[in-house]
Every structure is written in C-alpha cells, then in structure tokens.
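A short worksheet on the structure shown next.
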Amino acid sequence: MFKKSFYYTSLLAIFSFSSELAIASDNKTLALNELAPNKTPTLDFSRQPLNNILSQGNFSKQASTVVLSDNGNYRVSLYSQVHPVPLYRIHSWVVRVETVDGKTVDNASIYIHGGMPAHRHGLPSRPRVSHYLGNGQYLIEGIKFSMIGLWELRINIKQPGMRDRAVFELTLPQKS
C-alpha cells in the first residue's frame, strides 16, 4: 500500500508544480493550467464509431476496405497480402491512394501507425512503406498483430501543400 500511495502522491506533486505539463488523448491535448484549481484531470477515452467507411471489405485483395480520409482529400483502400490476416507474424499490406475524383496519388509520403485503442498501445512492429508499386499503390512491410481484438491502422498521407490521414479499424478473431 505504501508504494502505491507514494506513486500517486508523486504524480499529484508533479501535476501541481508544473503548469507546462499536458495530457494527450486521441490527438486532443489539455494543458494543465486550463484545468480548474484543485480538480483531478479526467480523460475521455470513449470510442466513436468511424463514419468514413466507403466500402467495408475483409482486407483481402478481392475485398479491400475503402475509407475517405479525415479531411476528405483522398479515397484510401487497404488490403493484406496474406489472407486471412495472421497473428504473431510479420506480413505486408498494400495501400492505394487516390483523390476523391479518382486520380491516383503518385509519389506521396506515406506513414503508417496503429495500435489497439482499448488497450492504449501501438503496434508491436514498425511498419514502413518500402516500395511505390505504381497506380497509386504503396507496399507496406513490417505489420504485425500480437493479439486478437480491435486494431486501428492510421495511414498518414503527405504531399506538397497537403496532409491528411485515413483510419481503418480491423478486428482480429481468435484462431480457429
């Protein structure tokens, strides 16, 4: 009990002596000096369902999932090169990026991040785009899922003068 109490007391002391600290959740940042005095900060980690899905597939090449990017600049499709999507194995995916009017996006900078929102942790690997395949398609290598459940993959797209992000949700079932 002493260790637990000391830990919480230390955290409260850190929060009370610094107005520069911030708490971040889902790209929202709350500066501690904006909190009411003597109030314990609370964070809302509730999940809102995605409303950007244009076509829900099973993440296979024949049935990729297509979403509209957060700012509405791109239609982004994503599929795994291994189906069904494996657990505990590094594998590759293909992302296709096009403008909303159907033109392929060539030579963009693509970055991928992800994790399990319910567990508040990222991917156990560091996936990267390894090749531009042509026709707006980019090969992502190094994706690994370490457990069953809801995963989120965030595709960040950067072109001169424009940045946007597409978010995909994928639920991995137990192995049968």
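Summed over the residues of segment 42-176 and divided among them, the accessible surface reaches 56 Å² per residue at a probe radius of 1.4 Å.
With all protein chains present, how much of the accessible area of segment 56-133 (probe radius 1.4 Å) comes from carbon and sulfur, to the nearest whole percent? The value for segment 56-133 is 48 percent carbon and sulfur by accessible area.
Per residue, the convex hull spanned by the Cα atoms of segment 59-176 amounts to 100 cubic angstrom.
The stretch between residue 55 and residue 118 holds 20.3 nm of extra length on full extension. This uses 0.36 nm per residue minus the Cα-Cα distance. Across segment 116-121, coupling constants 3J(HN,Hα) worked out from phi with the 6.51/-1.76/1.60 Karplus curve, θ = phi - 60°, read 10, x, 5, 9, 6, 9 Hz, and Gly and Pro carry x.
Between amide H atoms placed 1.01 Å from N, distances below 5 Å from residue 57 occur with 65, 66, all of them 5 or more places distant or on a separate chain.
The values are calculated or read from the model by the stated rules, or taken from the named source; none is laboratory data. Because the structure is predicted, anything quoted here is derived from the model rather than measured. With ligands, DNA and RNA removed, areas are computed over all heavy atoms of the protein, side chains included. Shrake-Rupley method; radii C 1.70, N 1.55, O 1.52, S 1.80 Å.
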